[in-house]
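The values are calculated or read from the model by the stated rules, or taken from the named source; none is laboratory data. For clarity, every value in this text was computed on a predicted model and none was experimentally measured. FYI the Cβ positions are ideal-geometry reconstructions off the backbone, even for glycines, and counts take in every protein chain you see.
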Amino acid sequence: MKIPFDKLDKAFENRLRLQIMSVLVANQRYDFNSLKELLDVTDGNLASHLKGLEKEEYILVNKSFLGRKPNTNYEATDKGKKAFAAHLDALEQLIKSTKS
Amino acid sequence: MKETDIKDDLASIRNLMERSSKFISLSGLSGVLAGVYALIGAAVTYKLLNYGSIDYNEDMFVVVDSSVIRTLIAIAAAVLIASVLTGVILSARKAKRKGQSIWNKTSRELLFYMATPLVAGGLLMIIFILRGYYGIVGPTSLIFYGLALVGASSFTFTAVRSLGICEIVLGLISALYPGYGLYFWAIGFGVLHIIYGSVMYLKYDR
């Protein structure tokens with residue numbers, strides 16, 4: 001039985017990255033602090049994984065100011081959405097192949 | 001990667017997509033209570049106006065003296081404040097029980113989309129009241145409240161959309177029957193809320 005592990009996206013190997021991506025796919029955009037609160041993670045951890053996704057060009061970063069406070073927004077790119085969908089398909093296939 | 005890992009991944013994705021885009025702490029019980037407050041308010045108003053004894057069909061612009069108007073506005077404000085307070089307190093309790101926060105990105109968005117039609121409708125009603133078109137207040141409040149619910153429904157349970165559409169339809173029918181505003185108001189804010197709240201309570205809260 002051949003399990004299609006190779007179809008899984010390396011960028012989503014980390015659980016947190018996958019979670020970030022699912023939030024960004026479900027919402028048009030999400031800001032850093034809301035993400036942090038929702039996922040219940042530390043600043044550094046979240047920032048490093050966001051950077052990783054940004055490097056893959058899966059997400060876009062918009063920096064702006066709300067009054068004097070910096071506000072960083074993230075949104076999923078088309079490439080990121082496609083990669084996420086493909087990753088989910090691969091996960092599904094994995095489950096099917098282990099069952100059969 | 002094991003099968004359980006994959007299943008955990010998929011479950012966490014589903015959970016996050018839901019939790020990040022929908023405010024699911026909205027309490028059903030608060031809907032029931034809001035309906036009860038509205039019915040009490042409507043009953044007090046009915047008594048106050050001695051409804052039924054006056055033929056409202058004839059004139060849409062009922063001239064009531066300003067002290068009565070002030071009492072009516074006070075009743076409406078009391079119902080509104082009591083409903084909002086109950087909603088916030090019960091929803092906060094539900095959120096706490098589920099380990100979620102009540103003040104997050106989704107609830108802020110929900111509030112914004114609800115507030116826009118409500119503020120517009122509220123200002124419009126104040127203008128109408130000042131100009132003496134009291135009969136228009138009942139239908140207008142139902143319609144704008146319905147619009148607010150429909151607008152907010154993408155951020156919470158889809159049942160809110162159905163409730164909103166019912167309120168709008170009721171408001172429009174109410175506009176066709178001037179003089180019966182109080183009855184429609186009692187159905188819209190009282191009965192519909194109680195039905196909606198009970199359904200939500202039985203479905204999600206327990």
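Please name all residue pairs, on different chains or six or more residues apart, with Cβ atoms under 8 Å, provided the first residue is in segment B:25-51 and is outside any loop (DSSP other than H, G, I, E, B) and the second residue is among the basic types (Lys, Arg).
B:Gly28/B:Lys203
Please verify whether segment B:76-84 includes one or more residues that are touching a Gly at 6+ places or on another chain (Cβ under 8 Å), under 25 Å from B:Ile143 (Cα atoms), at pLDDT 90 or above and within 14 Å of another protein chain (Cβ to nearest Cβ).
no
Please give the number of the condition B:Gly188 fails out of (1) surrounded by fewer than 23 Cβ atoms within 10 Å (Cβ to Cβ); (2) part of a helix (DSSP H, G or I); (3) of a type outside the set (S, T, N, Q).
So B:Gly188 meets the others, but not (1).
Restricting attention to segment B:1-24, and to residues there that are part of a loop (DSSP other than H, G, I, E, B) and in contact (Cβ under 8 Å) with a residue 24 or more places away in the chain, which single residue is nearest to the other protein chains (Cβ to nearest Cβ)?
Result: B:Lys22.
Listed here are the residues, each with its yes/no results for (1) closer than 18 Å to B:Asp9 by Cα; (2) out of contact with any Phe, Trp or Tyr (no Cβ under 8 Å at 6 or more places or on another chain); (3) within 14 Å of chain B (Cβ to nearest Cβ).
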{"residue": "A:Ser48", "(1), (2), (3)": "no, yes, no"}
{"residue": "A:Lys51", "(1), (2), (3)": "no, yes, no"}
{"residue": "A:Tyr58", "(1), (2), (3)": "no, no, no"}
{"residue": "A:Leu66", "(1), (2), (3)": "no, yes, yes"}
{"residue": "A:Lys79", "(1), (2), (3)": "no, no, no"}
{"residue": "A:His87", "(1), (2), (3)": "yes, no, yes"}
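Just the residues that are within 8 Å of another protein chain (Cβ to nearest Cβ) and in contact (Cβ under 8 Å) with a residue 24 or more places away in the chain, please, taken from segment A:15-40.
A:Leu18, A:Ser22, A:Val25, A:Tyr30, A:Asp31
Starting from segment B:170-187, keep only residues that are farther than 18 Å from B:Leu149 by Cβ, then list their pairs with residues that are in a loop (DSSP other than H, G, I, E, B) and small (Gly, Ala, Ser) whose Cβ atoms are within a distance under 6 Å, requiring at least 6 positions of separation or different chains.
If the second residue must be in a loop (DSSP other than H, G, I, E, B) and small (Gly, Ala, Ser), no pairs are left.
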